[in-house]
Structures are given as structure tokens and as C-alpha cells.
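Following: one structure in C-alpha cells, then a few remarks.
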Amino acid sequence: MDQPSGRSFMQVLCEKYSPENFPYRRGPGMGVHVPATPQGSPMKDRLNLPSVLVLNSCGITCAGDENEIAAFCAHVSELDLSDNKLEDWHEVSKIVSNVPHLEFLNLSSNPLSLSVLERRCAGSFAGVRKLVLNNSKASWETVHTILQELPDLEELFLCLNDYETVSCSPVCCQSLKLLHITDNNLQDWTEIRKLGIMFPSLDTLILANNNLTTIEESEDSLARLFPNLRSINLHKSGLHCWEDIDKLNSFPKLEEVKLLGIPLLQSYTTEERRKLLIARLPSIVKLNGSIVADGEREDSERFFIRYYMEFPEEEVPFRYHELVTKYGKLEPLAVVDLRPQSSVKVEIHFQDKVEEMSIRLDQTVAELKKHLKTVVQLSTSNMLLFYLDQEAPFGPEEMKYSSRALHSYGIRDGDKIYVEPRMK
């Protein structure tokens, strides 16, 4: 049978990992293997192959010599073939079937939707635990075939595949723990629930950028669909009501949630978003990638009570009553104005006269003197000022620096300023 046109896996492997391009290095963690040259190999020298092979964007269309693949890749555990030109599952099978210890395989951005994956080909993937099919436009039929032949599959990546619906597999995949299915168009919850049926052991579900509009499911049903779900990512989904957030509490093992960029939260401040989410989700220990400490949880729950305490009874969520039972009815926080005082009332003493005046604290000593000219009938050059703090133990302080701002003296209401003529 003729080889497909283009570059072969084995050809690219020889070029990239030749001794000239990838010199042999010794030392812990290098993972470099130097196999014996296969008999009859056209290669002049041995290849220095690591256990992790990265051959992305190399124009690969076919496998090449299977005997050489088997001889050189017996130790390989991870293989990245993303962004190549592989369009025939038979060619992929020829590669993978000769890499017996393969656990991670990345086939992203290969035009594999152009061929049908037969079960006998999928059987060569049997040892793979992590499979990446992003932007491969793999059909659900292909995914089902893979699931039936990969008994140990733990992580599956199906992003950017233009899915609008989910097709249920005839058999459940009990081994899958992580499903990454972002950037599709799964808007309806009836499609998402099928994932729970197919993957009952799912620990992590990443649904970002799918514009899911609502979670239409009863609490009991959610618990049965995703009994082991620990983490869910709903970044940039279309969720727009708090009832959907409350339903996340139905997942019995959920402890991590990601909810950035959803319509529901757009009108809230950053602080309000985080605190209201934490208060509504009592079991989570991590929100949007950040740990929720015990102190932050208590602060958020108290914030939640105060936030809703003035709402009409019909608009108060059930969680409010739960938290009131926990903390009691709280008093509103006192509004404290922390802005610096802009003016004060002081007593101006000159000779035997006392006059109460309001002065601005943002002005300087020189400006105050100008203001006092008409009061004490002295020129600014002939005027000495002394400030007396009513609690100071050391007596009056001369205000000798004309450019010094009054607020720097710490002047308060009731303090005294003495004016004296300069002695000639």
C-alpha cells in the first residue's frame, strides 16, 4: 500500500532528535534513552530520545516505518502530535501501537474528522490515560469508540470542537476523572447532564466559554448525576440568576468553583461578587482559584446578612435565614467617615480679645496670617503666631514656617491660636 504524501512521523523524529540537534545528556530527570540502532536502519547514528516527545507543527501526515517506531519509542510515555496534518486514524494507530508505554497523547488540531475511527484502530490506544483532541472536530461517534477501547482513560480534552449537543455513549466510562470541554456551544443543560450519565466518576468538569444559560435540574437529580464532582469551571457561561448558583450546592462533593465573567455578577463590585458567592456556597474551599479561609468565610456570611437585611421579605434568599440562625440578627455597620477634617473652629487670642473662628486646614501659615490681618490689625510681617493644643503638656508652639500647612499641626476643634506683635 502506498504511503500517504507528506512527512512521516519517523522522518520528523530522526530530524529533531538526531545527535546533532538533540545531544545526549546525562543526569537525573533528563529522561534520555539511547536505543540500539535497528538492523537495516537507514539512520547513521543512534537517536537520543527523551521519554516525552514533542513533535507539534511538523507537517506529519503518516507514521513511517513501524519497525523503527517500535525500536526507538519503546520507552516513550508522552507524545505531542498537535497541529500536524494527520487525517487518517489508521496512521495514528500505526504510531501509537508501537509505543507500548504511552500514557499521554495530544492530537489537537489535526484534521482527523476526515476519517472514521474503527474499533480495531482505537484498540491501539488502550494504555493511554490522558487524551487531548482539542480542535480536532472529533465526532461523538469517534469519542464513543475511544471510550470503549480505553479502559484506563482518566483525562479527556474536547475543546474547540464546535459541539452544540452531546451524544450519550452506549457504555459508561467509569475511569474518567477530568473532562475539559471548553469553547464549544453547549448552551442547554439537557446536554450537560448527559456528561454526568457517561462519566459517573467525574471529579473535575471544565465548561468555560460554553454560554450555558441555566441549570435546569432538581437538587436530587443533580446529586445522582454528578456524585463525585469536586471541581467545576463555569467561567464565561451565560448563568444569570442566583438560583443557578444555589443549585451547585446539590453536588455532594463539590469544593472548588470558578465563576468569572458570568452575566449574573456584572452589576456587582469585585468585593460583593466574591463575598456573596462564598456565602451562598457553604461547602467550597476554593473560589476562582483562591483558597477560602475560615476568617474570609465568616466575614462573607456576615456581609451576606447585612446585604439582604433591608430587602423585602419576598426577595430575601433562603440562605439568609440559615445564616441568621447561625449568627443571629446583626446590626448594620456604622458608617465611619475616614476623610481628613477640612476645617476646624479655634479661638484666636490677641491681647485681651478672644474671637472664635473657623479656619481651613489646607491653607498655610502665611495664608492664615493674611486672613487674620483685619482681625488683629497687624501686618503679616509683624505678626507672630503660636498654636496651643488643648492636650499638649509643653505649652504653645510657634508657627514659624510660613509654607507649612495647618493640617500638619493636628489642629482640632477648640484649640487656641495666640497672635503677638513682633518685637522691634
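The values are calculated or read from the model by the stated rules, or taken from the named source; none is laboratory data. What you see is a predicted model, and the numbers here were worked out from it, not measured in a lab. When we count neighbours, we look across all protein chains shown, and the Cβ atoms used for this are built from the backbone with ideal geometry, even at glycine. These area figures cover heavy atoms from the full protein model, side chains too; ligands, DNA and RNA do not enter into them. Shrake-Rupley method; radii C 1.70, N 1.55, O 1.52, S 1.80 Å.
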Task: Within-13-Å neighbourhood charge of SER77 [Cβ basis; K, R +1; D, E -1] - done: -1
TODO: Provide the percentage of antiparallel DSSP beta bridges, counting only those with both residues in the stretch 343-421; round to the nearest 5.
DONE: 80 percent
Task: Label-point gap, in nm, between SER283 and VAL54 - each point 7 angstrom along Cα→Cβ - done: 3.9 nm
Task: the stretch 343-421: relative contact order as a whole-number percent, Cα under 8 Å and 6+ apart - done: 43 percent
Open item on the list: Can you sort ASP294, ASP246, ASP413, ASP362 by solvent-accessible area, 1.4 Å probe, largest first?
Closed with: ASP294, ASP362, ASP413, ASP246
Open item on the list: For the stretch 143-187 and the stretch 390-424, what is the centre-to-centre distance using only Cα atoms, to the nearest Å?
Closed with: 78 Å
- [ ] With θ set to phi - 60°, apply the Karplus curve 6.51 cos²θ - 1.76 cosθ + 1.60 along the stretch 375-386 and write out the HN-Hα couplings as whole Hz, x wherever there is a Gly or Pro.
- [x] 7, 9, 6, 10, 6, 4, 6, 10, 10, 10, 10, 10
Task: Surface share of carbon and sulfur [accessible, 1.4 angstrom probe, percent] for the chain - done: 49 percent
Open item on the list: Taking 25 Å as R0, compute the FRET efficiency from the Cβ-Cβ separation of VAL354 and THR374 and round it to 0.05.
Closed with: 0.95
Open item on the list: Before I look further, what does the chain give for accessible area per residue, probe 1.4 Å, in whole square angstrom?
Closed with: 52 Å²
Open item on the list: What is the angle, in °, between the Cα long axis of helix 318-327 and the longest principal axis of the Cα atoms in the chain? Nearest 10 is fine, range 0 to 90.
Closed with: 60 degrees
TODO: Straight distance only, please: which lysines reach the Cα of LYS94 with their own Cα at less than 28 Å, same-chain residues fewer than 8 apart left out?
DONE: LYS16, LYS44, LYS85, LYS130, LYS137, LYS177
TODO: Give the Debye-formula value of log10 I(q)/I(0) at each listed q (0.09 Å⁻¹), with one equal scatterer per alpha carbon of the chain, two decimals each.
DONE: -0.73
Task: Residue-count net charge about GLY64 - beta-carbon cut-off 12 Å; Lys, Arg +1, Asp, Glu -1 - done: -3
- [ ] Sort out the exposed loop chymotrypsin sites (Phe, Trp or Tyr not before Pro) in the chain (DSSP loop, at most 16 other Cβ within 10 Å) and tell me the longest stretch that has none.
- [x] 25-267
- [ ] Please pull out the direction-averaged projected area of the stretch 343-421, using the convex hull of its alpha-carbon atoms, in nm² to one decimal place.
- [x] 4.7 nm²
Task: Segment ILE197-SER290, length gained on full extension (0.36 nm per residue, minus Cα span) - done: 30.5 nm
Task: Filtered trypsin sites (Lys or Arg not before Pro), the stretch 194-234: DSSP coil and at most 14 other beta carbons within 10 Å - done: none
TODO: Please state the charge dipole magnitude for the chain, taken about the Cα centre, from unit charges on C-beta atoms (+1 on K and R, -1 on D and E), reported in debye and rounded to the nearest 20.
DONE: 1360 debye
Open item on the list: Quick check on the chain: helices-only [θ] at 222 nm, where DSSP H runs of length 4 and up contribute -39,500 (n - 2.57) each and the sum goes over total residues. Nearest 500, please.
Closed with: -7000 deg cm²/dmol
- [ ] Please determine, in degrees from 0 to 90 and to the nearest 10, the orientation of helix 140-149 with respect to the longest principal axis defined by the Cα atoms of the chain, where the helix direction is its Cα long axis.
- [x] 70 degrees
